[in-house]
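All remarks here apply to the structure that follows.
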Amino acid sequence: MKFLLSLAWKNLSRYRKRTIITAAALAVGLGTYIFMDSWLRGAEKESERNLVWYETSSARVLDDEYWEQRDRLPLKYTIEEPEALLEKLAEKQIPAAPRIVFSGELILRKDPFPEDGSLTLRVLAVDPKKDDTVFRLRETIEEGRYLEPGEEKILIGAWLARDLGAEVGYPLTIVTRTRNGYYQTVDVEIAGIFNCPNPAINKGTVFIPLDTADRYLEMNGAVTEINLLLPERADADVLTATLESELAEVRPGLEVKSWRDLAQDYLAFAGMKKSATNIILLLVFIIAAVGISNTMIMAINERTKELGMMRALGMKDSEIRLAFLLEAGGIGFIGAVMGVVLGVGLSYWIVTWGVDMSGLIGDMDIGYRVHGLFRGAWHPEAMVTAFIFGIVLTVFVAFLSTGRALRRGIADSLRYS
Amino acid sequence: MIKIDKVSRNYRTGEIVVQALVDVSLEAEQGEFLSIAGPSGSGKTTLLNLVGCIDRPDSGEIFIDGEPVSARNKKELAMFRREKLGFVFQTFNLIPVLTAYENVSFVLSLLDIRESEVKARSMAMLAEVGLDGKENVLPGRLSGGQQQRVAIARALVKDPRIVLADEPTANLDSKTGEDTLKLMERLNEKHNTTFIFSTHDPMVMDFAHRLVSLHDGRVISDERRTK
């Protein structure tokens, strides 16, 4: 065994160029896998964060009838006099932001807009003082300013503004229906343009002050939802269940939905996307495996004659196989270490600085709730997997290749060139 | 000591069957310095491979020390080669990453011999083949003749019963080839090791104490020579 170990070590150290080339092939494959995994995982994590920060919040209190009808954005199922609930939540030190969500038709007129037109979109009425405690929209204002209470102004997304040719100060009309079903027209002016990292918000939502919406929609203080900010590490599903029973004591007929419930369409899509992502990662793995196999097969094939000589001199097949496996294990270890170092280096770059994809994907919806800068995420499990896989694969390929070489007759191996 | 009894060996290449050896019978005693001569394709290497237990005959039997080789399984044959046989190859076949000393000592390492004895025997054998001072040199930095000496030292260091050498001088110039043969002859006399070597070189044949000639896989002559 000592001799076999020493032989493996000498082969590794004295065929330095071959060892480095083989290990480098392995390292490139594993490094690419770790990098890709970091990138895709980062996009998923950032999507979830952007969902919570700009779209769903951590959890949402709704009237229990509202959820079934949510696609119609009804003003019928509301939370009346939400102050009592807000007080209760404040007692529990849970930041809360009431909102009214409704649909409206945005009417644009030529001058100042480039042409006349209209489009239907989602309008979010937010309390400018409380919304910041839960959401981060204010930080994304690119032009103009954020909303003030009571004013007849709106915020519009940068993508939508670009499509419409809108600028700060342009007038708009929103046609909608009040809570009682009457048509209502709201004349507003663009106060600011935001560029939110969540493309779903950026392209199809406008924001107006809550009290302005309350007045026009005849809500009498009612809201359609109260959004909550739960501690980051808390189990949202458990906490929402507890909250629901506690809030029921103040106001029955409400339900609390966690961000996972609220984003179930996205999560279902993300689940499908994860399968595609796994296929991409599998392909990267296969490419790495083919590269490693090819290099190892060549490395062993070119030593067929040496292998025949060892057998002729009386080394048993099991000893020869072990000698080659030890050597392959050494190459695998070096390659795996290099691969993880490369992967960590590339991941550090994408985690720290990210890649600006806006030039490549522009306003295109690629399913993630991310646009512009894509950042990676650290994933130690992928590194450990890649490390173990690198060694196991190299040893496995060496096992197969040595087996094939050992199936040759000794005389045949000695003649091999 | 070695008895080859009506041994035949065929090779198949697609549909074509080549008769490498046909009913060859031969006996060799301990300490012989025997050359198998013949042109290319006459079956010299095949015969050495069969005696060296790295190939099996299609028919006939080979006995070494009275025991039939065919009775041994793969593992037993490996152990037999490890303990009793030494090989010298035409292309030297040294392990390129091991030094001259390591190439020689590795065959002893396989025999569970104490490290101090491995060292002493390997160094002594290298000195015997005229390579003292070259112990730590890698094969790539040795001349062809020196590499063949390392191979001879490797074959002899374990004190085998038989050394089989396939065209041992074919890759050497005539002067180095002659030196190598003289070395083999000297070691044959000193250690009483049986040397069987193949050749098609008349100069090499002249060195043999016994010359067996093959043609088309058959023994056509077997002559003993006195020096």
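Annotations
- Test: residue in region A:239-258 that is under 17 Å from A:Asp131 (Cα atoms) and not hydroxyl-bearing (Ser, Thr, Tyr): no
- Members of region A:256-285 that are in a strand (DSSP E or B) and out of contact with any strand residue (DSSP E or B) (no Cβ under 6 Å at 6 or more places or on another chain): none
- When region B:94-107 is limited to residues that are aliphatic (A, V, I, L, M) and surrounded by fewer than 23 Cβ atoms within 10 Å (Cβ to Cβ), the one that is nearest to the other protein chains (Cβ to nearest Cβ) turns out to be B:Val97.
- Of the residues A:Gly354, A:Gly409, A:Gly362, A:Gly367, the single one that is within 14 Å of another protein chain (Cβ to nearest Cβ), surrounded by fewer than 21 Cβ atoms within 10 Å (Cβ to Cβ) and modelled with pLDDT under 90 is A:Gly409.
- Among the residues of region B:108-120, just one is more than 23 Å from A:Gly308 (Cα to Cα) and surrounded by 19 or more Cβ atoms within 10 Å (Cβ to Cβ), namely B:Val118.
- If only residues of region A:158-171 that are touching a helix residue (DSSP H, G or I) at 6+ places or on another chain (Cβ under 9 Å) and of a type in the set (D, E, K, R) are counted, the one that is surrounded by the fewest Cβ atoms within 10 Å (Cβ to Cβ) is A:Asp163.
- Among (1) more than 9 Å from chain A (Cβ to nearest Cβ); (2) surrounded by fewer than 21 Cβ atoms within 10 Å (Cβ to Cβ); (3) β-branched (Val, Ile, Thr) - the single one B:Thr91 does not satisfy: (1)
- Only residues that are exposed (fewer than 15 other Cβ atoms within 10 Å of the Cβ) and either of a type outside the set (D, E, K, R) or more than 30 Å from A:Tyr170 (Cβ to Cβ) (or both) were counted in region A:81-121, giving 14.
- Lone qualifier among A:Leu307, A:Leu326, A:Leu342, A:Leu322 - being more than 9 Å from every other protein chain (Cβ to nearest Cβ) and at pLDDT 95 or above: A:Leu342
- Single residue of B:Thr226, B:Thr199 found to be surrounded by 24 or more Cβ atoms within 10 Å (Cβ to Cβ) and either touching an Asp or Glu at 6+ places or on another chain (Cβ under 8 Å) or more than 21 Å from B:Ile2 (Cβ to Cβ) (or both): B:Thr199
- Test result for A:Ala288, part of a helix (DSSP H, G or I), in contact (Cβ under 8 Å) with a residue 12 or more places away in the chain, crowded, with 21+ Cβ neighbours inside 10 Å and more than 29 Å from the chain's Cα centre (by Cα): no
- Filtered by the rule that a residue be small (Gly, Ala, Ser) and outside any helix (DSSP H, G or I), region A:5-62 gives A:Ser57, A:Ser58, A:Ala59.
- Within region A:15-46, the set of residues being more than 32 Å from the chain's Cα centre (by Cα) and either of a type in the set (Val, Ile, Thr) or buried (at least 16 other Cβ atoms within 10 Å of the Cβ) (or both) comprises A:Tyr15, A:Arg18, A:Thr19, A:Ile20, A:Ile21, A:Thr22.
- Of the residues screened, B:Arg149 is not one that is within 14 Å of chain A (Cβ to nearest Cβ), of a type in the set (Lys, Arg) and free of Cβ contacts under 8 Å to residues at least 60 places away in the same chain.
- Residues within region B:39-94 that are among the β-branched types (Val, Ile, Thr) and more than 22 Å from B:Val212 (Cα to Cα), tallied: 1
- When residues of region A:389-404 are limited to those that are crowded, with 22+ Cβ neighbours inside 10 Å and of a type in the set (Gly, Ala, Ser), the one nearest to the other protein chains (Cβ to nearest Cβ): A:Ala398
- When restricted to residues that are assigned to a loop (DSSP other than H, G, I, E, B), within 14 Å of another protein chain (Cβ to nearest Cβ) and either buried (at least 16 other Cβ atoms within 10 Å of the Cβ) or not small (Gly, Ala, Ser) (or both), region B:22-55 contains 5.
- Applying the criterion of being assigned to a helix (DSSP H, G or I) and away from chain A (no Cβ under 14 Å) to the residues of region B:56-83, the residue that is surrounded by the fewest Cβ atoms within 10 Å (Cβ to Cβ) is B:Ala71.
- Test: residue in region A:15-29 that is within 30 Å of A:Ile320 (Cα to Cα) and of a type in the set (Phe, Trp, Tyr): yes
- Considering the conditions (1) exposed (fewer than 14 other Cβ atoms within 10 Å of the Cβ); (2) within 14 Å of chain B (Cβ to nearest Cβ), A:Asp317 is excluded by exactly one of them, (1).
Residues checked against (1) at pLDDT below 90; (2) part of a strand (DSSP E or B); (3) buried (at least 19 other Cβ atoms within 10 Å of the Cβ):
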residue	(1), (2), (3)
A:Thr173	no, yes, no
A:Thr185	no, yes, no
A:Val188	no, yes, yes
A:Ile193	no, yes, yes
A:Ile201	yes, no, yes
A:Ala213	no, no, yes
A:Met219	no, no, yes
A:Ile226	no, yes, yes
A:Arg233	yes, no, no
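- Region B:181-227, residues that are charged (D, E, K, R) and in a loop (DSSP other than H, G, I, E, B): B:Asp201, B:Asp216, B:Arg225, B:Lys227
Let's see how each residue does on (1) in contact with a helix residue (DSSP H, G or I) (Cβ under 7 Å, 6 or more places away or on another chain); (2) more than 25 Å from B:Phe33 (Cβ to Cβ); (3) surrounded by fewer than 23 Cβ atoms within 10 Å (Cβ to Cβ); (4) within 14 Å of chain A (Cβ to nearest Cβ):
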| residue | (1), (2), (3), (4) |
| --- | --- |
| B:Glu135 | yes, yes, yes, no |
| B:Pro139 | yes, yes, yes, yes |
| B:Gly144 | yes, no, yes, no |
| B:Val163 | yes, no, no, yes |
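- Scanning region A:27-60 for residues that are touching a residue at least 12 places away in the same chain (Cβ under 8 Å) and within 21 Å of A:Asp132 (Cβ to Cβ) yields a count of 13.
- Any hit, region A:16-26, residues being of a type in the set (Gly, Ala, Ser) and free of Cβ contacts under 8 Å to residues at least 40 places away in the same chain: no
The values are calculated or read from the model by the stated rules, or taken from the named source; none is laboratory data. In this text, all values refer to a predicted model and were calculated from it rather than measured experimentally. Don't worry about glycine lacking a Cβ; one is built from the backbone with ideal geometry, like all the others, and counts go over all protein chains shown.
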